[in-house]
1. Considering 119, 153, which residue is farther than 15 Å from residue 237 by Cβ, buried (at least 18 other Cβ atoms within 10 Å of the Cβ) and not charged (D, E, K, R)?
2. Give all pairs with beta carbons closer than 6 Å in which a residue from the stretch 43-54 that is under 24 Å from residue 219 (Cα atoms) meets a residue that is surrounded by 11 or more Cβ atoms within 10 Å (Cβ to Cβ) and charged (D, E, K, R); count only pairs at least 6 apart in sequence or on separate chains.
3. Given the criterion of a type in the set (A, V, I, L, M, F, W, C) and surrounded by fewer than 20 Cβ atoms within 10 Å (Cβ to Cβ), identify the matching residue among 183, 100, 139.
4. Within the stretch 32-74, how many residues are among the hydroxyl-bearing types (Ser, Thr, Tyr) and assigned to a loop (DSSP other than H, G, I, E, B)?
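Taken together, the values in this text are just the output of simple stated rules run on the coordinates, not laboratory data. Just so it is clear, the model here is predicted, and its values are computed rather than measured. Ideal geometry is used to build each Cβ from the backbone, glycine not excepted, and the neighbour counts take in all protein chains shown.
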Amino acid sequence: MVMSSNKSSITKKSPNKFVNVSSDIDAQFALQVNRWLFKPLGIWPLKQDSPVIEKLVASSLRIMGLFLLAFRLVPGIHLLIKVKKLSASVKITGPLNHGMMALLKYQSLIFGQHHLIDCIQEIFADWRELNSMNDRNIMIKNAKRGRFGTTVCIFFTYGGGIFYTIIFPQLRGINVNANNETMRPLAYPGYYGLFDSQKSPAYEIVFLLQSWGGYVGHTITCATCSLAIVFGMHACGQLEIITSWLRELVSEKKAQEDSNELFSMIINKHVKTLRFINKIENLISRVCLVEVVGCTLNMCLVGYNLMTCKKVGETTYMIDWYRLPERNALALTLTIVTAQKPIIMSAGKFVDLSLSSFSSVMRTAIAYLNLLRTFMD
């Protein structure tokens, strides 16, 4: 996909007309972090006059990204089919879910590039069509907020990814299985039928490819989050400009003719901003669906792991405890009582991370959405 390049004007159309002579620089500043994340994935829109080599590099990066994601996903699916125990299947499902989410989001971004181009062109146009220095300051403030939010997202996403993919397998160390075989840990377990992934140099190659695949997956996560943050803050900046114009509209210093012109500008800006928000929704709606479904599955997996605490109590009660000495049998009571109240993970000690809590949040969100639609109608 290519994007047309529009240059900002460097001359004023009239003495009273404000022209942002650095509009392209400002827009590039607002989108800089997004470009850093999207270019390694090969999905940042190119200009129409981009060299052929640059287009080939972008296509090669997309193919390489899909290969690295598939290299994590396919062996994991193969292993999931071969595994018979439910507990082992649950452990494999977590990394598989992350890989599947990354692949689906990558596919959504690739096939939704025309929506991305529309949003980027809208942002460049908004920076060119500023009417005062105050409007520019508002947009710069929101652009900085968008960059800061994206930076925080990058820090936590890459931090967790590096720990899980590279550091955590090394901390687990080398294990010996029941067949007296040495097992070196991998972040993403899988079955490689064509070769033994535990022998050198196959292990090192698999570990390296999985690390690069993890980088691609976490870059996709950061890229999708950056769209929601930066584009969302840009829309907030446009709405803040409209708010400032509304305050100016009721100012007694405004002449009637100027008020009519400003009122027309407010209507046009509001309609344009709503269209921009609709374009954002078209761009990230499928990505958000993948996040909701994938995160719901993750919460179910966490809940399943925590349910094993209750199984400890049930097993303690169902064993032939009456064969034990009286003192030892009485000591099992503490285990049963403790297991009846399993450990519950929470978000900030306020909300329990469980399927029931997620269902409550979804019901509340839908009810709030219906309420907003009622007021808008």
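1. Unique residue meeting the criteria: 153.
2. From the stretch 43-54, the pairs are 44/35.
3. After applying the criteria, what remains is 183.
4. So the count comes out to 1.
So that you can scan it fast, the table gives a plain yes or no per residue for (1) in a helix (DSSP H, G or I); (2) β-branched (Val, Ile, Thr):
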{"position": "104", "(1), (2)": "yes, no"}
{"position": "116", "(1), (2)": "yes, no"}
{"position": "122", "(1), (2)": "yes, no"}
{"position": "134", "(1), (2)": "yes, no"}
{"position": "146", "(1), (2)": "yes, no"}
{"position": "167", "(1), (2)": "yes, yes"}
{"position": "170", "(1), (2)": "yes, no"}
{"position": "186", "(1), (2)": "no, no"}
{"position": "191", "(1), (2)": "no, no"}
